[in-house]
């Protein structure tokens, strides 16, 4: 490798080499997955997914603490029972699989008769559960956008929050 010279050492008239640049760091992939927000006292649940699950949980906490959650029922319960909430990761998975895992988990919770904060996405029809079409389309768009890397996952989440 060719040595690059920066300046000249005045004490002995020899050039000083440039310092060796640090090795480039590999960026760690963001942990995508499905998470759970549980009100342990009232036995109510919210199941979500994210391509950066740790950051998404932090966002939920921040929004709830600022009294700005779009999920009015959860916001009200947070305001009255903040200490009863538990945040956890259900499963880490490839971002292409998280929509399916989220849907199956919501279906499981609803079939067990659990009360959901995000029940707006779930409709029970003749003992079978279906996800509303606009939510399913939204998930497909998320995967498409992430595959093409058209925008950052953070910007995508902000846009999706405006829809719901």
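Computed from the coordinates by the stated procedures, all read-outs in this text should not be read as laboratory data. It should be emphasised that the depicted structure is a prediction, and the values quoted were computed from it without experimental measurement. So basically every Cβ, Gly included, is an ideal-geometry build from the backbone, and we count neighbours across all protein chains shown.
For residue 42 and residue 115, the difference between the fully extended length at 0.36 nm per residue and the C-alpha to C-alpha distance is 25.4 nm. With the simple model of a label 7 Å out from the Cα in the direction of the Cβ, residue 67 to residue 23 spans 5.2 nm.
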